[in-house]
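A quick write-up on the structure given underneath.
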Amino acid sequence: MEILRKAFRRNGQENSQVKQEGGDGVDSKQRAGEKAVEFVESGMTVGLGTGSTVFYTIRKLGEKVREGLKIRGVSTSQRTTELAKEAGIRLVSINDVTHIDVNIDGADEVDPDFNGIKGGGGALLYEKLVADLSKLVVWVVTEEKLVDTLGAFPLPIEVVPFSYRQVLRKLEKRGLRPILRMKDGRVFQTDDGNHILDLHVGRIDDPCALHRELKLMSGVVDTGLFIDMANVLVIGGEDAVEVRRRPEGAGRGCP
């Protein structure tokens, strides 16, 4: 898998954190993805996210499984299912578990309150369902994903194909600048058979209000706003990995 290398910027927000020095020439995504494996213990049910950083988590988990780690995984996409099977990780359906011990996933943007935008890879619905069932949610990101305010990254929303043009028109009237996601010259389709509309809003001052507004719109399955879900950030930088933990009691969710 081709992993894009990007320039990084540091966000000044500091929560309780641990730094692991790098300097070994390892890509920051790989360093962060592998660090997240430390949250996994034998006997756990593990949510397996989707994306280029979690690729390294899955690969490292496969190594640990071959060394004797006993886990079962819940996949969030067909791509992740294929990777997990190649790595030798036993998979189970989300319908066959009562909870998930730890969920490791990526994010496209994360604000200082640990709210995020996800869905750049097109798996937001399954990712949210798995996160919602998880006792601990760990997001693995690189430094440039940290922002003061969400919205620079286009906000994906998953919509049913039957009426996606009607939803698109409503969003246009509200000034949310939706664009139908395409891939290889065709309309992109999620693993659940839905479409993705990417909203170019620029800035989201009230993520809860926008999430509620979109969810109440007929035809919208879910949004890429993940609010009050992440507990831990594993942040890969050029020379170090930071682990930031959301303080106990922080996060107010969406009333």
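The values are calculated or read from the model by the stated rules, or taken from the named source; none is laboratory data. Owing to the predicted nature of the structure, the values given are computational and were not obtained by experimental measurement. We place every Cβ from the backbone using ideal geometry, glycine too, and count neighbours over all the protein chains shown.
What the table below lists for this structure:
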{"quantity": "Subset tally (residues that are acidic (Asp, Glu) and in a loop (DSSP other than H, G, I, E, B)) for region 220-229", "calculated": "1"}
{"quantity": "Subset of region 111-121 (residues that are touching a strand residue (DSSP E or B) at 6+ places or on another chain (Cβ under 6 Å) and farther than 24 Å from Met44 by Cβ)", "calculated": "Ile117, Gly119"}
{"quantity": "Unmet criterion (only one of (1) in contact with a strand residue (DSSP E or B) (Cβ under 9 Å, 6 or more places away or on another chain); (2) not in a helix (DSSP H, G or I)) for Arg165", "calculated": "(2)"}
{"quantity": "Subset of region 206-240 (residues that are closer than 19 Å to Glu144 by Cα and buried (at least 23 other Cβ atoms within 10 Å of the Cβ))", "calculated": "Gly224, Leu225, Phe226, Ala230, Leu233, Val234, Ile235, Gly236"}
{"quantity": "Region 97-147, residues that are within 20 Å of Gln78 (Cα to Cα), of a type in the set (A, V, I, L, M, F, W, C) and either out of contact with any Lys or Arg (no Cβ under 6 Å at 6 or more places or on another chain) or assigned to a strand (DSSP E or B) (or both)", "calculated": "Val97, Ile100, Val102, Ile104, Ala123, Leu125, Leu129, Val130, Ala131, Leu133, Trp139, Val140"}
{"quantity": "Residue count for region 45-76, restricted to those that are touching a residue at least 40 places away in the same chain (Cβ under 8 Å), more than 12 Å from Leu91 (Cα to Cα) and assigned to a loop (DSSP other than H, G, I, E, B)", "calculated": "5"}
{"quantity": "Residue within region 194-205 that is among the acidic types (Asp, Glu), surrounded by fewer than 14 Cβ atoms within 10 Å (Cβ to Cβ) and free of Cβ contacts under 8 Å to residues at least 60 places away in the same chain present", "calculated": "yes"}
{"quantity": "Test: residue in region 230-243 that is modelled with pLDDT of 95 or more, outside any loop (DSSP other than H, G, I, E, B) and more than 20 Å from the chain's Cα centre (by Cα)", "calculated": "no"}
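Quick grid of which residues meet (1) at pLDDT 95 or above; (2) surrounded by fewer than 19 Cβ atoms within 10 Å (Cβ to Cβ); (3) over 17 Å from Ala131 (Cα atoms):
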{"residue": "Lys6", "(1), (2), (3)": "no, yes, yes"}
{"residue": "Phe39", "(1), (2), (3)": "yes, no, no"}
{"residue": "Ser42", "(1), (2), (3)": "yes, yes, yes"}
{"residue": "Val46", "(1), (2), (3)": "yes, no, no"}
{"residue": "Phe55", "(1), (2), (3)": "yes, no, yes"}
{"residue": "Gly68", "(1), (2), (3)": "yes, yes, yes"}
